[in-house]
1. Add -39500 (n - 2.57) for each DSSP H run of 4 or more in the chain, then divide by its residues: what number comes out at 222 nm, to the nearest 500 deg cm²/dmol?
2. What does the charge count around GLU147 come to, taking other residues whose C-beta lies under 11 Å from its C-beta (Lys +1, Arg +1, Asp -1, Glu -1)?
3. From the phi angles alone, apply the Karplus equation (6.51, -1.76, 1.60; θ = phi - 60°) to the stretch 168-178 and give each ³J(HN,Hα) in whole Hz, x where the residue is Gly or Pro.
4. Report the extension gain between SER192 and THR49 in nm, rounded to one decimal, defined as 0.36 nm multiplied by the number of residues separating them, less their alpha carbon distance.
5. What's the carbon and sulfur percent of the stretch 3-236's accessible surface, probe 1.4 angstrom, rounded to a whole number?
6. Give me the angle, in degrees from 0 to 90, between the Cα long axis of helix 193-202 and the longest principal axis of the Cα atoms of the chain, rounded to the nearest 10.
7. From the phi angles alone, apply the Karplus equation (6.51, -1.76, 1.60; θ = phi - 60°) to the stretch 230-241 and give each ³J(HN,Hα) in whole Hz, x where the residue is Gly or Pro.
8. Hey, what did the stretch 3-236 get for relative contact order, percent, Cα under 8 Å, at least 6 apart?
Amino acid sequence: MSWALICGASGDIGSQIARDLAAKGWSLYLHYHHNQAKVTELVENLATTYPKQDFLPLQCDLTEVKNVEKLAQSIFGGLDAVIFAQGTTEYGLFSQLPPKKFAAMLNMQVQSPLRLLALLETKLAQSKAGRIVFIGSVYGGAGSSLEVAYSTIKGAQSAFCKAYSKEVASLDITVNTVAPGAVDTQMNQVFSENEKDEVCEEIPLGRFARPTEISYFVSMLLDEKASYLTGQTLYVTGGWLK
Ligand SMILES: NC(=O)c1ccc[n+]([C@@H]2O[C@H](COP(=O)([O-])OP(=O)(O)OC[C@H]3O[C@@H](n4cnc5c(N)ncnc54)[C@H](OP(=O)(O)O)[C@@H]3O)[C@@H](O)[C@H]2O)c1
């Protein structure tokens, strides 16, 4: 049986990735930070629908890099894939962003994932078909004013994928980023309907993505037939920006 760890499985994109992978026969470690209730419900639903697979919740605050040691130790058996679907942003001028907030964002989306991968590399290599997928952002390629820290972080994820994919290719591990544009999730609930409409006017497909339209590409990258694609950032944006 194949096992994947989904970081941010309590999020809207992460939980959809969990449902898609479960439907394809994967057993899952489902990470969350605050939203234990959502992951508990997800585990119950998946365990009922797919009784022969296993679904295990894991809690971790990724803003502290030291916390990933315990997270890595919780992966007790084999591991075939790691997906990073956790993330938050801060809106405002970069010059006004408190350094502590930037450090927390950077830890959560770059430093902790990279340390976790260093700790899990041997397990992924033992899989002989290891897969790593980051949920990045189109802003990592295009950049965005008022989300400079977030854009920097997402660009770092794509740059890491490029470099690390070369380092672990001989271990048959692929490393890719799926970079969405705007997705209809709770992350965008801070915007009014008018503000969302203005964004939609800039998107050639004229709407936000549904989480399933992002998770589809994660499932695709985890497919055994996707063994020759590595070091890439797939922009899933409805034609927006990139
Ligand atoms: N929505 C978009 O338009 C969009 C566009 C481009 C890229 N993305 C990226 O897609 C990914 C998923 O976003 P989403 O839209 O699904 O957002 P979401 O529904 O708000 O989910 C955010 C996830 O991040 C986790 N998280 C927050 N703080 C954390 C911390 N300190 N430590 C560990 N995990 C933490 C949350 O866990 P808890 O809820 O359990 O606290 C949750 O699982 C993110 O990387 C985001 O940057 C989103």
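1. The per-residue figure over the chain is -13000 deg cm²/dmol.
2. Its environment carries a net charge of 0.
3. 9, 4, 5, 8, 6, 9, 9, 9, 9, 10, 9
4. Contour length minus the Cα-Cα distance gives 47.8 nm.
5. C and S fraction of accessible area: 53 percent.
6. With rounding to tens, the tilt is 90 degrees.
7. 8, x, 9, 10, 8, 8, 10, 10, x, x, 7, 6
8. With pairs under 8 Å counted, the relative contact order is 20 percent.
The values are calculated or read from the model by the stated rules, or taken from the named source; none is laboratory data. Only a predicted model underlies this, so the values are computations on that prediction, with no experimental measurement involved. Cβ atoms come from the backbone with ideal geometry, glycine included; neighbour counts cover every protein chain shown. The accessibility values were calculated without ligands, DNA or RNA, using every heavy atom of the protein model including side chains. Shrake-Rupley method; radii C 1.70, N 1.55, O 1.52, S 1.80 Å.
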